[in-house]
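Participant: Supplied in structure tokens, the structure appears directly below.
Taken together, the values in this text are just the output of simple stated rules run on the coordinates, not laboratory data. From a predicted model like this one, the values you see are computed outputs, not experimental measurements.
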């Protein structure tokens, strides 16, 4: 009985260890290449295996780079949390939040407004009036939003730098929101609509906790 090639292939699929048990067949299995030369099955498979290894090595290197970036980011978040939670004065906690984002995370433009906490002096930047529409918008936010156009008045929070700003990220502070954190950049691709906001949300949550802790402390001391 003569076996057809598809029958041989089907049988080999049911015997995944055949070539492990009979390695002598690999060097002797021949096939004619495109240029007419006869090469062994093993020689034909080696380039494919090398290509697969290169792909795996590249992917592994990418994963290692991502892991290193995540470790560095985790250290920055920890330092930010320790710094802002250690503050006890309203002025200090607000300054620590803004400075920590600028320096620790290399965000060039950061601003904040609070309308639900009487922290700091009346002339403090974060105590300046906020449009009722913007407050309502912040209260309705379930997560941070990013985009290329400022919402309501937020670009004005950056004074003379406003005309240069091309992308914005807005994160509500508190649930419901009692404030708004705004990050901005001169680079249009720094904050874009499709970008993930999980990390930004965590930073806002840390800022919220620091503000509420400071507010609670001020209340009890009063």
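Participant: Sort out for me the Cα centre separation of the range 155-178 from the range 188-211, rounded to whole Å.
Facilitator: 12
Participant: What shape does the range 56-119 have by the C-alpha gyration tensor, where a ≥ b ≥ c are the square roots of the eigenvalues, rounded means a/c under 1.5, and otherwise prolate means a/b greater than b/c and oblate the rest?
Facilitator: Note, shape of the range 56-119 comes out prolate.
Participant: For the range 70-100 and the range 135-153, write down the distance between their C-alpha centroids in whole Å.
Facilitator: 23
Participant: Would you please classify the overall shape of the range 64-222 from the alpha carbon gyration tensor, given that a ≥ b ≥ c denote the square roots of the eigenvalues, rounded means a/c under 1.5, and beyond that prolate means a/b larger than b/c while oblate covers the rest? Intermediate values should be presented prior to the final figure.
Facilitator: Details: a/c = 1.68, a/b = 1.13, b/c = 1.48.
Here the range 64-222 falls in the oblate category.
Participant: Under the definition of Cα pairs under 8 Å and six or more residues apart, what whole-number percent is the relative contact order of the range 88-221?
Facilitator: Numbers: 201 pairs, mean separation 37.7, N = 134.
Computed over the range 88-221, the figure is 28 percent.
Participant: Rounded if a/c is under 1.5, else prolate if a/b is larger than b/c, else oblate: which is the range 91-167, with a ≥ b ≥ c the root eigenvalues of its Cα gyration tensor? Before the final figure, lay out each step's value.
Facilitator: On the way: a/c = 1.42, a/b = 1.05, b/c = 1.36.
The shape class here is rounded.
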